[in-house]
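Read through the structure below, which is laid out as structure tokens, and then see the notes.
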Amino acid sequence: MKVPYIDLVAQNKKYKKIFKSSLEDLINKGDYIIGSKVNEFEKKFSNFIQSKYSVGVGNGTDALFLSLKYLGIGKGDEVITAPNSYLSSASSIALTGAKPVFVDVNDDLNINPDLILGSITKKTKAIVPVHLTGKPAKINQILKIAKANNIKIIEDCAQAVGAKFQRSHIGNFGISGCFSLHPLKNLNALGDGGIISTNNKKMYHWLLQARNHGHLNRNDCSFWSHNMRLDTLQASFLIHKLKNLKKINKRRREIANIYKSQLADILKVPSDNKHTYSVYHTYICKTDKRDELVTFLKNKKIETKIHYPIPIHLMKVFNNEYKKNSFPNTEKLSKMIISLPIGEYLTNNQIEYTISTIKKFFK
Ligand SMILES: Cc1ncc(COP(=O)(O)O)c(C=O)c1O
């Protein structure tokens, strides 16, 4: 039996007919840029995550970059984030001219709120907590720190669409929530896509302009910006995918529960706490025998991944600015983590095979 880590063909099979009719519809209408489908998707997305507004953008990195720009963040400013994320949690900060300031994470891979205070300086303008793996960060503690220090929060929700903290959808706690709709995400396009949630009317109107060259109207513009629009065809696909998101997240949580019940004795497995509803974009376990396990599973045709093998602060882009062990937990975890297949399209047989093979390895 084969267990692929990702199988986008299997995932999209059932949408083929409806996607084809969406494409045909678009060709017939010639409504290619923003238009009614982007508006419809934004409204439906807001309805799903219970935010007042949503603005579709080109990708998750655009969402983070524009949110930072709205706050006027740039050269001379500092923004706090986690060092164990996908690199664009930090690159979006660096691209504004500001400095990403890393804060180590807890064993659940999310930023450790107890360490944030020690990293705040006069230059700190925002915190970008990442809800990594689809598990909400400790947002109540982070909110308290931000409020006390007059700092804004921009949530990196790229991996966590549908996740909840104390029954509220993530993406509603900061000034904005930044979602990626990349093909690998729980809610995904057939290409790149992103969306920003906000409950701030002023920000909403600014974002509508900022994603579209800063256009005030067809012929005028009031500030320079890029073209960061969500593609209309992708929006028309996403409308259909959004209908199934609840089911997708439910199935991922079901697989996570099966893993947990069978593997908790031999691997350190992820789980929710009383405040969180995780959506398992990834299912990351920890073991000291990580590399041997990866090879063993690969030989049995079970594909795994590592999210992420190189912490951001140790990437070449920083030119050895950070010494080893700058963020000890992040660095320790990077050698122990293994992402097991968790796609909602996996069969119970594939999950059982993965579990029994892992058990065999530890025997
Ligand atoms: C945590 C995190 N932040 C930001 C991004 C950036 O999203 P995108 O690839 O859509 O630009 C990703 C996506 O990979 C991500 O996982």
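Of the residues that make up region 219-240, is at least one away from the ligand (no atom under 15 Å from the Cβ) and acidic (Asp, Glu)?
yes
For region 217-241, which positions are modelled with pLDDT of 95 or more and surrounded by fewer than 17 Cβ atoms within 10 Å (Cβ to Cβ)?
ASN219, ASP220, CYS221, SER222, PHE223, TRP224, HIS226, ASN227, HIS240
Just a yes or no: is a residue in region 148-159 farther than 28 Å from VAL279 by Cα and not in a loop (DSSP other than H, G, I, E, B)?
Within region 148-159 (the criterion being farther than 28 Å from VAL279 by Cα and not in a loop (DSSP other than H, G, I, E, B)), the answer is yes, since at least one residue qualifies.
Conditions (1) away from the ligand (no atom under 16 Å from the Cβ); (2) outside the structural domain of LEU117 (by TED's automatic domain parsing); (3) on the phi > 0 side of the Ramachandran plot, marked per residue:
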| residue | (1), (2), (3) |
| --- | --- |
| ILE151 | yes, no, no |
| ILE154 | no, no, no |
| SER168 | yes, no, no |
| GLY171 | no, no, yes |
| PHE179 | no, no, no |
| HIS182 | no, no, no |
| ILE196 | no, no, no |
| LEU208 | yes, no, no |
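Looking at the structure I just gave you, is ILE255 within 15 Å of the ligand (Cβ to nearest atom), outside any loop (DSSP other than H, G, I, E, B) and modelled with pLDDT of 95 or more?
Judged against the criteria, ILE255 is not a match.
Please go through region 284-293 and pick out each residue that is buried (at least 18 other Cβ atoms within 10 Å of the Cβ) and farther than 24 Å from HIS131 by Cα.
LEU293 - this is the single residue of region 284-293 that is buried (at least 18 other Cβ atoms within 10 Å of the Cβ) and farther than 24 Å from HIS131 by Cα.
Among the listed residues ILE80, ILE116, ILE120, which satisfies the condition of being in contact with a Ser or Thr (Cβ under 9 Å, 6 or more places away or on another chain) and either assigned by TED's automatic domain parsing to the domain that holds GLY171 or buried (at least 17 other Cβ atoms within 10 Å of the Cβ) (or both)?
Testing whether each residue is in contact with a Ser or Thr (Cβ under 9 Å, 6 or more places away or on another chain) and either assigned by TED's automatic domain parsing to the domain that holds GLY171 or buried (at least 17 other Cβ atoms within 10 Å of the Cβ) (or both) leaves just ILE80.
From the list ILE342, ILE355, which residue is outside the structural domain of ASN84 (by TED's automatic domain parsing), farther than 20 Å from LEU87 by Cβ and in contact with a Lys or Arg (Cβ under 6 Å, 6 or more places away or on another chain)?
ILE342
Across region 191-243, what is the total count of residues that are in a strand (DSSP E or B) and not acidic (Asp, Glu)?
Within region 191-243, residues that are in a strand (DSSP E or B) and not acidic (Asp, Glu) number 12.
So the check is Cβ under 6 Å with 6+ separation or different chains; which pairs have a first residue in region 195-207 that's within 12 Å of LEU68 (Cβ to Cβ) and a second one that's crowded, with 20+ Cβ neighbours inside 10 Å and among the polar types (S, T, N, Q)?
Hits for this filter: ILE196/SER176.
Has region 38-54 got at least one residue that is among the basic types (Lys, Arg) and over 18 Å from PHE173 (Cα atoms)?
There is at least one residue in region 38-54 that is among the basic types (Lys, Arg) and over 18 Å from PHE173 (Cα atoms).
Here's the yes/no breakdown for (1) surrounded by 15 or more Cβ atoms within 10 Å (Cβ to Cβ); (2) assigned by TED's automatic domain parsing to the domain that holds VAL294; (3) more than 16 Å from the ligand (Cβ to nearest atom); (4) over 23 Å from the mean Cα position of the chain (by Cα):
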{"position": "ASN12", "(1), (2), (3), (4)": "yes, no, yes, no"}
{"position": "LEU26", "(1), (2), (3), (4)": "yes, no, yes, yes"}
{"position": "LYS29", "(1), (2), (3), (4)": "no, no, yes, yes"}
{"position": "SER51", "(1), (2), (3), (4)": "yes, no, yes, no"}
{"position": "THR61", "(1), (2), (3), (4)": "yes, no, no, no"}
{"position": "LYS69", "(1), (2), (3), (4)": "yes, no, no, no"}
{"position": "ILE73", "(1), (2), (3), (4)": "yes, no, yes, no"}
{"position": "ALA90", "(1), (2), (3), (4)": "yes, no, no, no"}
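Run ILE310 past the list (1) assigned to a helix (DSSP H, G or I); (2) surrounded by fewer than 18 Cβ atoms within 10 Å (Cβ to Cβ); (3) touching a residue at least 24 places away in the same chain (Cβ under 8 Å) and report the number of the one that doesn't hold.
(1)
Of all residues in region 114-134, how many are in a loop (DSSP other than H, G, I, E, B) and either more than 16 Å from the ligand (Cβ to nearest atom) or farther than 21 Å from THR61 by Cβ (or both)?
Of the residues in that region, 4 qualify.
The values are calculated or read from the model by the stated rules, or taken from the named source; none is laboratory data. This structure is a prediction, so every number in the text was calculated from the model and none was measured. Neighbour counts run over all protein chains shown; Cβ positions are idealised from the backbone, glycine included.
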